[in-house]
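Peer 1: Have a look at the structure that comes next, please.
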2 protein chains.
Amino acid sequence: MPEIPHDFGVGRSDPGTFPTESIKAAALAAIDTEAVELNNYPGSLGHSGFRAVMARRESEREGVGVDPDHIVVTNGSMQAVTLCAEALQQQPGDTVIVEEFSYPGTLSAYRSLKLDMVGIPLDGGGMKMDALEDALVRLEREQRRPRFIYAISTYQNPTGFVMPRARRMELIEIARRFGVPVVEDNCYGDVHYEGPVEPSIYALDDDPNHIYLCSLSKILAPGFRLGYILARPPMLETILARRHDAGSNYFASAVVAEFYRDGIAAHAAVTTPPLRRKRDLLCALLEANAADICAWSEPPGGLFIWVRLPADTDLAKLYSLALSRGVNYLPGSDFHYRAAEVPYLRLAFGHLPDTSIETGVPILARCIREARTSNEPVDVDSLF
Amino acid sequence: MPEIPHDFGVGRSDPGTFPTESIKAAALAAIDTEAVELNNYPGSLGHSGFRAVMARRESEREGVGVDPDHIVVTNGSMQAVTLCAEALQQQPGDTVIVEEFSYPGTLSAYRSLKLDMVGIPLDGGGMKMDALEDALVRLEREQRRPRFIYAISTYQNPTGFVMPRARRMELIEIARRFGVPVVEDNCYGDVHYEGPVEPSIYALDDDPNHIYLCSLSKILAPGFRLGYILARPPMLETILARRHDAGSNYFASAVVAEFYRDGIAAHAAVTTPPLRRKRDLLCALLEANAADICAWSEPPGGLFIWVRLPADTDLAKLYSLALSRGVNYLPGSDFHYRAAEVPYLRLAFGHLPDTSIETGVPILARCIREARTSNEPVDVDSLF
């Protein structure tokens, strides 16, 4: 497949700040230290040093104590997403609650497991709590108690929203009232550019039904395939009982634990400024090229911009037109829980050189104009 | 947990031949080469260089061409075992065929998936084909066509048997006649000490329903958590469609591909002689200490000795007695498809220093004598 010059598709880390030399040093140290241990199976929780480093990461961000023995190392957060669903599902057709727009990997896993998804509409503060409550009342009437609520609480993918603290408290209260566990995916949480960091749900409430997922793919690199689940007994045992891969990658965990032995802050200080600059660049280019036809998110963290297209856009035409001119993106339908055609697209920017962003956005804006079926003025006041 | 001095429990690789310096060199080279690629997701097949090296491994052992694009990298062969079962299962309660004694990881995964296992008796040549055929006839009458037959064809775990070529041909014929896919687990195949190497089922027959599993855990180390599935379309697509972890460990794959860039033979030449010596040592010690009360396998490969105990052994007493004297093993019930109490135990020897074997076997033999409930002579002529 030829390289696409302006590939705003899959979210990736920035190769420009990949710490090659530090990872090499960490690998040498870890292989020496772990030469004997590498000959053992890692166990279902995984490398203890890695879990200690991640417990520290969580404690420092959230200001609460985190027990490393409540952390389960997984093959990226995608194994975490899938494993939790498998553990909580009782049969095909079980109901789960998701945001109306969510991460395609999660949607694809849930579809494959034959989970029946109920999508809750979003606004700038995330999942709308009145809509969630209405859905739960309706499902209770139909005797379809959902197995869990899946929510990306911070720098949501694809919308970039952050759920405010007050709404998190509402979510906790509603989930408890209806007896439904919350699976909180915070894999973008440490890709933070400015403003306050909202607390994670597990840090606000000690309900043992909460499950928390996180990842190394967004702060270090997806090729290490490291993520984790944070859960308390007995939920922890329920999850581990469904795990059958003899444990996560001990080698990669050992190297990454060594790399982060003094915490994640020093590396984040290197990676975050270029990402913030790319976000600013992308938003400025949208402003210069598409302010009259599009609305978009300007998230205080994460790797994505969510763009609302004019309602009269021919979505199929736009996609093929853009691709023919070297611009790739993910269409809104990829993120919709029922794969509905919706006038949105997502731009991933973390891995792109500035020049690709600078040349790509004007091309995309021209494609949008060409793919419209009218010249009516567009309401660009609201993303939703 | 205090260290057990004579731990014949879990099968592990030998830390004494772990190639620390070569792995360090491979890590340095791979991190330099892959610094950009590590920022991408590996895709569902996995690292192409690793797949090429494993295709070569298979081709050289089997004397047939193997397409690297038919190889799916997995998180050890256990993810391969679980993923194939998930892909072939249609509903809870589905029937699968296994050897009467098999790998506990597989049995545990199948139980968790609510697969209904039918166990086929073994003899020194593996799964008995008349018993397999009888079972398939009965299941057909009951309209319960099995989803697949799982067989460890070479240096079977726990029995050490090798299925002879003629029986493999019978298995192929029976599986085709009844329309049941074969899942062949060959994770011990390259831990080979002497005599001919029997061909793998995929090398004898090009039925696109065959699935083949292999591992790096037995030839290198379990801590790398690398295994693979070899399958042809459309079976390959069926398996990939059930995978939801965003791909296997790219970092570990890159390092191991670099380590094995010239094939697996050179490292095997280092690791195999000590393992063969340990097998010989363990068998000689059994001969010297337990020849009148036990029968055992003397497999031409693999990491395990399967020991038949006197029928009058108090199995629970033996286990606690042995553990109290510092000897651990896995009891036969761990390997039985219905967890039946059977007068067998398995000794893993690959990871143990010679001195542990030398001192452990006499202790174990004394424990067996003490755990017997009679002094009747024992028939030690047959392992089965």
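The values are calculated or read from the model by the stated rules, or taken from the named source; none is laboratory data. As the structure is a computational prediction, the values presented were derived from the model and not from experiment. With ideal geometry, Cβ positions are generated from the backbone for all residues, glycine too; neighbour counts draw on all protein chains shown. With ligands, DNA and RNA removed, areas are computed over all heavy atoms of the protein, side chains included. Shrake-Rupley method; radii C 1.70, N 1.55, O 1.52, S 1.80 Å.
Peer 1: So, in region A:261-277, exactly how many residues are under 21 Å from the mean Cα position of the chain (by Cα) and either within 25 Å of A:VAL36 (Cβ to Cβ) or in a loop (DSSP other than H, G, I, E, B) (or both)?
Peer 2: Number satisfying all stated conditions: 1.
Peer 1: Continuing with this model, one more query. Does region B:309-316 contain any residue that is within 29 Å of B:CYS214 (Cβ to Cβ) and not small (Gly, Ala, Ser)?
Peer 2: No: region B:309-316 contains no residue that is within 29 Å of B:CYS214 (Cβ to Cβ) and not small (Gly, Ala, Ser).
Peer 1: Oh, and also: For the subset of region A:346-383 comprising residues that are open to solvent by 20 Å² or more (accessible area, probe 1.4 Å) and aliphatic (A, V, I, L, M), which member is nearest to A:ALA291 (Cα to Cα)?
Peer 2: Among those that are open to solvent by 20 Å² or more (accessible area, probe 1.4 Å) and aliphatic (A, V, I, L, M), it is A:VAL380.
Peer 1: Being within 25 Å of B:ASP123 (Cα to Cα) and in contact with a helix residue (DSSP H, G or I) (Cβ under 9 Å, 6 or more places away or on another chain) is the requirement here; does B:LEU282 meet it?
Peer 2: yes
Peer 1: Could you please find all residues in region A:232-257 being part of a loop (DSSP other than H, G, I, E, B) and open to solvent by less than 10 Å² (accessible area, probe 1.4 Å)?
Peer 2: A:ASP245, A:GLY247, A:SER248, A:ASN249
Peer 1: For region B:74-110, which residues satisfy the criterion of being charged (D, E, K, R) and either out of contact with any Leu (no Cβ under 7 Å at 6 or more places or on another chain) or facing chain A (nearest Cβ under 7 Å) (or both)? Can you show your working first?
Peer 2: Initial filter on region B:74-110 (charged (D, E, K, R)): B:86, B:94, B:99-100.
Those that are charged (D, E, K, R) and either out of contact with any Leu (no Cβ under 7 Å at 6 or more places or on another chain) or facing chain A (nearest Cβ under 7 Å) (or both): none in region B:74-110.
Peer 1: Identify, by number, the condition in (1) of a type outside the set (A, V, I, L, M, F, W, C); (2) away from every other protein chain (no Cβ under 14 Å); (3) within 25 Å of A:LEU204 (Cβ to Cβ) that A:GLN143 doesn't meet.
Peer 2: (3)
Peer 1: Continuing with this model, one more query. So which residues in region A:22-52 are open to solvent by 50 Å² or more (accessible area, probe 1.4 Å) and at the interface with chain B (Cβ under 9 Å from one of its Cβ atoms)?
Peer 2: A:LEU28, A:ASP32, A:VAL36, A:GLU37, A:TYR41
Peer 1: Of all residues in region B:360-377, count the ones that are among the β-branched types (Val, Ile, Thr) and farther than 19 Å from B:TRP306 by Cα.
Peer 2: Of the residues in region B:360-377, 1 are among the β-branched types (Val, Ile, Thr) and farther than 19 Å from B:TRP306 by Cα.
Peer 1: Next question. Among the residues of region A:77-93, is any at pLDDT below 95, open to solvent by less than 40 Å² (accessible area, probe 1.4 Å) and not in a helix (DSSP H, G or I)?
Peer 2: No, region A:77-93 contains no residue that is at pLDDT below 95, open to solvent by less than 40 Å² (accessible area, probe 1.4 Å) and not in a helix (DSSP H, G or I).
Peer 1: Go through region B:298-323 and give me each residue that's in contact with a Phe, Trp or Tyr (Cβ under 6 Å, 6 or more places away or on another chain) and open to solvent by 10 Å² or more (accessible area, probe 1.4 Å).
Peer 2: Within region B:298-323, B:PRO300, B:ARG308 qualify.
Peer 1: Exactly one of these conditions fails for B:ASN328: (1) closer than 30 Å to B:PHE259 by Cβ; (2) touching an Asp or Glu at 6+ places or on another chain (Cβ under 6 Å). Give me its number.
Peer 2: Result: B:ASN328 fails condition (1) only.
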